[in-house]
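Taking it in order: structure first as structure tokens, then the write-up.
The values are calculated or read from the model by the stated rules, or taken from the named source; none is laboratory data. Computed from a predicted model, the values in this text were never measured in an experiment. Neighbour counts run over all protein chains shown; Cβ positions are idealised from the backbone, glycine included. Side chains included, ligands, DNA and RNA excluded: accessible areas come from the protein's heavy atoms. Shrake-Rupley method; radii C 1.70, N 1.55, O 1.52, S 1.80 Å.
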Amino acid sequence: MDRFKLKVTPVADKDAIVKFGNARFTILKDRLIRCEYSYDRNFEDSPTQHFWFRLQPLVSYSVKRTGEIIEIKTKKLTLTYLETDEGFTSENLSITIKENGRTWRYGDIDHENLLGTARTLDNCNGDYDLFHFRKLHLSQGLLSRSGWSVIDDSRSLLFDRNGFLHPWRDRNFDIYFFGYGDDYKGCITDYYAVSGNVRMIPKWSLGIWWSRWERYTQADLERIVGEFEQHKVPLSVCVIDKDWHLPGWTGYTWNPKYFPDPKGFLERLHKKNIHACMNLHPSKGVGPHEKMYPVFAEYMGIDPKSKVKITFDLSDPKFIEGYFRFLHHPLEKDGVDFWWIDWQQGTESHISGLDPLWYLNHLHSADLCRDGKKRPINFSRWGDNGSHRYPVGFSGDTLATWKSLKFQLYFTATAANIGYGWWSHDIGGFAQHFYNEELYVRWVQFGCFSPIFRFHSSGDPRLDNRPWTKTDIYRDAAITALKLRNSLLPYLYTMAWKNRCGGLPLIRPMYHEHPKDENAYACPNQYYFGDKLIVAPFDEAANEDTLMARKPVWLPKGTWYNFFNGKEYKGGRWYALHGTLKDIPVFVAAGAVKPLKAEDGSLDIVLFNGKGSCDIYDDDGETVGYKSGEYTFSTCRSEWKGKSVTFTMEKKAGDLENVAPVNLVLRGVNGNDIASITMNGKPYKKSRYTADNDFRIEGLIFDTRKPFKVVAVFEEEIKPIPVFELHDFEKVIRTFNLPTSTADAILGNMKKYFGSPEKLVKAHHEFTSSHLKALFELSCDVGFYNELLYDGREVVVWWNERKLPEFEAHLSLGLKYAENRPAGSIDHPPVFITKEEVKAGWRIHVNYFNVATNEVDRYFFKR
């Protein structure tokens, strides 16, 4: 059972430890201190569920003892402790953060915590738990506006030398204080350092997963696999729900009614490079009807003839060994690649304080890589702190509603606050009572920019998530998103490598990068997707008049480009985006370089205006060979300057050598004619413009043994593409739900109306208020945004970039006007309306050019 033994360093350097009476303090980082109190001075050095690597590089600190008081100072923190025999209290232990001057005292409640994640979204409609009739509870995260957070490890279980868990031996205090101010990224990476890094997930796990709770036969599943092939959508994982085994929630014997040839079925999946994941509900133990019952019973000392059920018991190492040896290993030998640990039976076990879910995640992860070659991968719910070590997460069965889609944007990003990154959601929703193809498409688009893309639903015929079962425009939009997901694999895999090396999760809230900007806390439904890429999926239905979805988006300071068309956006401001069904709001920072997979399997490297770089990581995709150098890590650099674009690429690390076809995609050159192209100083001719106005330099060959350089020179200086041009105006008018006569009148004289909202107003065409607001927001840089935040506050933002006198906003809180922005006022910083103010009532009135308004009235009475 050596596979369960931990390879960790739980004992801190003796020079990092300060003892004072019954207390022991370990300076792990200059902003991270472990504080212990033991009544008998028997301190614990074993690894716990949460912390495995206390042996950290020494940091500088000073100690001052004055009688019964000790003061420990690091570069960032000052700890003060008064020795008593009462344990830690608010009176005797405090830590001050030098950066912000805030002082924490033992027992303080963190009211400014930015929260973490939750075990599951089962039975949730948005953030409301319909099963418990309450708001979904999110765990505390590591990040807080207060600048500090605490993990209480006092009741966490201990690992013994064999890798099995047991309770604490003593009644100790054991807490970890994180005092990182607003260095949120530093907090997460240091947490990884002491708790353990995220495992490197297999490359195939980043592709498309198919799952459905349906009594599929193997013929049904092979037919569905064939449909994916027919529509040229690569499928990576086939998840088989509980009916693969004999009837009952718990089972380990194939049901011959549905799977007459399971081994052959799995072999055929593997030939198509599809991996098999099997559903598992282990809580009921092993009954005498199971194929492997006799040998497992004998191993456990039970007479098989007695037909006594083998009890599920994770407190027994012998049961754990048999659980894997007799139940799982034979099925894995037949071709099962990994397991969906669908634990729903509570948090109690035979060991006090042990949540079976957490332990199952840990044990399955250790067992799956027992051969020393295979990478571990789980598919399971979040089990509490430390679960980041066991990807992938199953977020549970949610209702297929707009509320659920929107909440998943926030929920996925916020999980990064506790270091948890690889959530997998039921794309399309698990259960619903109405049919909505638009919601389905928007969910698929979010899935494209999710950590893991997994279709899943109940057997309800209204919830068939195969794209080709939808009507034409919805089918095409969904398939386009699926193919886009496949193209993102090189980028996603590089981000997975960085996360494995102690870097940040793929999806993160905006405030991770912009902790001092209040706007970053006002946009919970957009997020960073890796390096310098922001995604803000549409999460509300299209307006019935404009036939477009609306999404307010905040872009940080700097220059940003639309990921799909290269249009330039100025940062440090908000935008009101309006998009058709195929549009997805995605933005990259100036100079961004993004590696994508082309349809022919070659590598597309997309370049955006500016100066920047990116890394590209690759290996065999599923073994641990990377640990011994079997990988390649290359760096690309790009610089746009005047008329030229210069690109270089060279290998930086790894022992693997490779010769690969590469295409450069210059996005946003705006149809500029090419003057010359050189590769390593020699003329190069193979280039073209695409229908999407990308300029492609194709057929380049990158040899990892030597760098290469490409220079493209255009006839004219490369100029940015404006956000809203005449052809964009035409597209909007053609999209609007307008009488034909009205649309024709506008389209017949577009130059007159383009950029002149006052002319549109005076023309008295049959525009509704929704039409006019959309046109004003798109063409005049004005807008308004209101959102109910998870913590019960509301946020309001409005902007008027051109200081137009015809746009104004009035905000009132309680019984008086708190804000009366005069006509022509420019953008306003976010207004966070407290829970108390929300209860008292508030109202905002936004006037668009005296012909359209936007009003939110939260008063419970008429004023």
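Dipole check for the chain: with +1 at the C-beta of Lys and Arg, -1 at the C-beta of Asp and Glu, and the Cα centre as origin, the magnitude is about 1240 Debye. Simple point charges give the picture: +1 on the Cβ of Lys and Arg, -1 on the Cβ of Asp and Glu, and for the stretch 726-780 a dipole about the Cα centre of about 100 debye. Spatially, the stretch 493-544 and the stretch 264-290 are offset by 35 Å when compared through their Cα centroids. Take the alpha carbon atoms of the stretch 768-782, find their center, do the same for the stretch 647-724, and report the distance between the two centers in whole angstrom. Between the Cα centres of the stretch 768-782 and the stretch 647-724 lies a distance of 38 Å. Based on Cα contacts under 8 Å between residues 6+ apart, the chain shows a relative contact order of 8 percent. Over the stretch 674-717, what is the mean sequence separation of C-alpha contacts under 8 Å (at least six apart), divided by residue count, expressed as relative contact order in percent? Reported relative contact order: 53 percent. Here the peptides 652-659, 839-846, 362-369 are ranked by packing, the mean other Cβ count within 10 Å, and the order with the highest first is 362-369, 839-846, 652-659.
Relative contact order for the stretch 590-714: 25 percent, from Cα pairs under 8 Å spaced at least 6 residues apart, divided by residue count. Close amide H pairs (under 5 Å, H built 1.01 Å from N) link TRP422 with GLY393, residues at least 5 positions away or on another chain. Take the chain with all the other protein chains still there, run a 1.4 Å probe, and you get 40 Å² of accessible area per residue.
For the stretch 396-554, divide the Cα radius of gyration by the Kirkwood radius and give the resulting Rg/Rh value with two decimals.
Computed over Cα atoms, the ratio is 0.97.
Would the stretch 726-780 count as rounded, prolate or oblate if I go by the C-alpha gyration tensor, calling it rounded below 1.5 in a/c and otherwise prolate when a/b exceeds b/c, oblate otherwise? Rounded, since a/c falls under 1.5. Applying 0.36 nm per residue to the separation of ARG215 and GLU730 and subtracting their alpha-carbon distance, the gain on full extension is 180.5 nm. Between the amide H of ARG381 and those of TRP343, PHE394, distances stay under 5 Å, these residues lying 5 or more places away or on another chain, with hydrogens modeled in the peptide plane. Prolate is the label for the stretch 590-714. Its Cα gyration tensor axes, ordered a ≥ b ≥ c, give a/c of at least 1.5 and a/b above b/c.
For TYR252, the residues whose amide H sits under 5 Å from its own are LEU246, ignoring neighbours fewer than 5 places away on the same chain, with H placed 1.01 Å from N. Extent of the stretch 434-518 along its three principal axes (Cα atoms, max minus min coordinate, largest first): 44, 32, 24 Å.
Based on the alpha-carbon gyration tensor of the stretch 648-703 and its eigenvalue square roots a ≥ b ≥ c, which shape applies: rounded if a/c is under 1.5, prolate if not and a/b is larger than b/c, or oblate? Walk me through the numbers before you get to the answer.
Details: a/c = 2.62, a/b = 1.92, b/c = 1.36.
Judged from the Cα gyration tensor, the stretch 648-703 comes out prolate (a/c at least 1.5, a/b above b/c).
Using the Cβ-Cβ distance between LYS272 and GLU437 with R0 set to 22 Å, the FRET efficiency works out to roughly 0.20. Summing charges over all other residues whose Cβ lies under 13 Å from the Cβ of ASP472, with Lys and Arg as +1 and Asp and Glu as -1, gives +1. In order along the stretch 551-566, phi translates into HN-Hα couplings of 8, x, 9, 9, 10, x, 4, x, 10, 10, 10, 4, 4, 9, 10, x Hz, rounded to whole numbers, per the Karplus curve 6.51 cos²θ - 1.76 cosθ + 1.60 with θ = phi - 60° and x for Gly and Pro. Protein heavy-atom surface of the stretch 726-780, 1.4 angstrom probe: 49% of the accessible area is carbon and sulfur, with nucleic acids and ligands not counted. If R0 equals 25 Å, the separation of the Cβ atoms of ARG802 and GLU716 corresponds to a calculated FRET efficiency of about 0.30. Cα-Cα over 25 Å: which of LYS570/LYS651; LYS567/LYS762; LYS272/LYS483; LYS483/LYS682; LYS271/LYS594? Cα-Cα > 25 Å for LYS570/LYS651; LYS567/LYS762; LYS483/LYS682; LYS271/LYS594; rest within. Which percent of the accessible area of the stretch 193-305 is formed by carbon and sulfur heavy atoms (probe 1.4 angstrom)? On the stretch 193-305, the fraction of accessible area on carbon and sulfur atoms equals 53 percent. Toward the positive end of the charge dipole of the chain, with +1 on the Cβ of Lys and Arg and -1 on the Cβ of Asp and Glu, the farthest Cα among SER315, GLY21, MET300 is that of GLY21.
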